[in-house]
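Note sheet for the following structure.
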Amino acid sequence: MMSTAAPQTPSKPVGRIVTRFAPSPTGLLHKGHGLSALIAHGVARRLGGDFLLRIEDIDAGRCRPEFAAALERDLTWLGLDWRRPPMKQSDRFGAYAAALDRLKADGLLYPCFCTRREIREEIARSPSAPHGPDGPLYPGTCRFLSHRERTEKLASGMAHAWRLDVRAATDRLDQPLAWDDLGAGIRKGDPECFGDVVLARKDTPTSYHLAVVVDDAAQGVNLVTRGRDLFEATHIHVLLQRLLDLPTPRYFHHDLLTDDDGRRLAKRDKSATLETMRARGISAEALSRDLAPMVEAAMHAITRRFAA
Ligand SMILES: [Zn+2]
């Protein structure tokens with residue numbers, strides 16, 4: 001997971017900057033979302049670019065249309081506007097299937113029939129189960145199935161996810177992975193820190209990682225601004241971009257909001273939703289003022305890299 005920092009040089013112009021905010025409608029937006037949206041929107045405005053909205057609603061079990069409507073209301077209240085109608089990931093399963101088929105044809109995916117419980121038990125049996133940013137790594141059980149076992153299980157209709165064989169994928173690269181992080185410098189991609197990630201779930205024919213990469217490219221996003229909690233996910237995203245011949249955007253991972261005790265603001269904290277704040281009579285201007293130091297710090301860090 002160690003990455004080597006390279007000297008920071010001003011980024012070459014990439015044409016018109018396109019940023020995005022991409023929330024999941026699984027609940028109401030809170031103050032932390034507001035921060036993220038204000039940064040993406042502010043940077044696009046300052047650099048004369050476009051700000052896009054994407055609704056990440058692949059998880060039919062947890063996403064609700066009323067939350068999708070609420071988030072547009074909240075963002076409008078915050079004074080944000082977006083140039084095109086929002087992209088909805090639930091409309092995009094065909095594009096994800098095409099990307100998945102390509103990786104399958106390249107021999108980089110394998111079906112995983114494990115239940116969560118089987119994975120837990122397998123990890124518990126292993127004396128030194130490696131850990132990644134999301135917890136213990138998948139032990140690779142189904143990577144070792146024979147062709148025959150795989151064919152039989154698939155033919156029997158057994159539920160399965162599709163995992164990326166990360167080692168096989170990285171072995172195939174002709175150039176090392178890297179990305180230009182406007183906050184952290186040039187970072188070396190190390191996707192093996194995640195193990196064999198799921199690219200299509202048992203219940204959903206895609207995953208967060210796959211959908212994000214396909215959609216950023218489809219929307220022409222060339223500057224991804226998002227919270228530090230997603231910094232490590234970039235290791236996987238740059239690998240998928242390379243495997244799918246998609247461009248790697250520039251990234252900026254901003255600081256996360258914390259409470260008075262320095263803990264990350266909990267998403268479940270109802271008092272921090274934008275709707276609650278509005279109901280309590282807090283104005284969008286007051287909230288923007290409150291967030292301005294963090295928004296300005298992020299915008300400064302980003303825009304100075306574009307000043308050649
Ligand atoms: Zn498995």
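The values are calculated or read from the model by the stated rules, or taken from the named source; none is laboratory data. Remember, it's a predicted structure, so these values are computed and weren't measured experimentally. Reconstructed Cβ throughout: ideal geometry from the backbone, glycine too, with neighbour counts over all protein chains shown.
From the list Asp229, Asp290, Asp261, which one is over 18 Å from the mean Cα position of the chain (by Cα) and modelled with pLDDT under 95? Explain how you work it out, then say what you get.
Details: Asp229 fails: over 18 Å from the mean Cα position of the chain (by Cα); Asp290 fails: modelled with pLDDT under 95.
One residue alone meets the criteria, Asp261.
One residue is enough: does region 238-249 have a residue meeting the conditions out of contact with any Gly (no Cβ under 9 Å at 6 or more places or on another chain) and among the basic types (Lys, Arg)?
no
Which number in (1) surrounded by fewer than 17 Cβ atoms within 10 Å (Cβ to Cβ); (2) more than 16 Å from the ligand (Cβ to nearest atom) marks the one condition that Ala211 misses?
Just one mismatch for Ala211, condition (1).
Looking only at region 58-65, decide whether some residue is within 16 Å of the ligand (Cβ to nearest atom), at pLDDT below 95, more than 30 Å from Ile282 (Cβ to Cβ) and among the small types (Gly, Ala, Ser). Don't jump to the end; show me each part of the working.
Within region 58-65, the subset within 16 Å of the ligand (Cβ to nearest atom) is none.
No: region 58-65 contains no residue that is within 16 Å of the ligand (Cβ to nearest atom), at pLDDT below 95, more than 30 Å from Ile282 (Cβ to Cβ) and among the small types (Gly, Ala, Ser).
Per-residue answers, yes or no, for (1) outside any helix (DSSP H, G or I); (2) surrounded by 14 or more Cβ atoms within 10 Å (Cβ to Cβ):
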| position | (1), (2) |
| --- | --- |
| Ala99 | no, yes |
| Arg102 | no, yes |
| Gly107 | yes, no |
| Cys114 | yes, yes |
| Arg117 | no, no |
| Glu122 | no, yes |
| Pro127 | yes, no |
| Tyr138 | yes, yes |
| Arg143 | no, yes |
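For Arg62, which of the numbered conditions (1) within 21 Å of the chain's Cα centre (by Cα); (2) among the charged types (D, E, K, R); (3) within 25 Å of Leu256 (Cα to Cα); (4) crowded, with 17+ Cβ neighbours inside 10 Å fails to hold?
Looking at each condition in turn, Arg62 falls short on (4).
Counting only residues that are among the aromatic types (Phe, Trp, Tyr) and at pLDDT 95 or above, which one in region 173-215 is nearest to Ile17 (Cα to Cα)?
Of all residues in region 173-215, those among the aromatic types (Phe, Trp, Tyr) come to 179, 194, 208.
Checking which are at pLDDT 95 or above leaves us with 179, 208.
Values: Trp179: 17, Tyr208: 23 Å.
Only one residue tops the list, namely Trp179.
Across region 130-157, what is the number of residues that are free of Cβ contacts under 8 Å to residues at least 40 places away in the same chain and more than 12 Å from the ligand (Cβ to nearest atom)?
11
Looking only at region 268-293, how many residues end up being of a type outside the set (A, V, I, L, M, F, W, C), under 26 Å from Ala44 (Cα atoms) and in contact (Cβ under 8 Å) with a residue 12 or more places away in the chain? Steps first, please.
Our first condition is that a residue be of a type outside the set (A, V, I, L, M, F, W, C); within region 268-293, this holds for 268-271, 273, 275-276, 278, 280-281, 283, 285, 288-290, 293.
In the following step, the residues that additionally are under 26 Å from Ala44 (Cα atoms) were identified as 273, 275, 278, 283, 285, 288-290, 293.
The next check asks that each one be in contact (Cβ under 8 Å) with a residue 12 or more places away in the chain; those that pass are 273, 275, 278, 288.
Qualifying residue count for the region: 4.
Does region 100-112 contain any residue that is modelled with pLDDT of 95 or more, in contact with a Ser or Thr (Cβ under 9 Å, 6 or more places away or on another chain) and away from the ligand (no atom under 16 Å from the Cβ)? Quick ask: steps written out before the conclusion?
Step one: filter region 100-112 for residues modelled with pLDDT of 95 or more, giving 100-112.
Filter once more, keeping what is in contact with a Ser or Thr (Cβ under 9 Å, 6 or more places away or on another chain): 100, 112.
Next, from what is left, pick out any that are away from the ligand (no atom under 16 Å from the Cβ): 100.
Among the residues of region 100-112, at least one is modelled with pLDDT of 95 or more, in contact with a Ser or Thr (Cβ under 9 Å, 6 or more places away or on another chain) and away from the ligand (no atom under 16 Å from the Cβ), which makes the answer yes.
Do you know which residues across region 158-195 are part of a loop (DSSP other than H, G, I, E, B) and away from the ligand (no atom under 16 Å from the Cβ)?
Hits for region 158-195 are Arg172, Leu173, Asp174, Gln175, Pro176, Leu177, Leu182, Gly183, Ala184, Gly189, Asp190.
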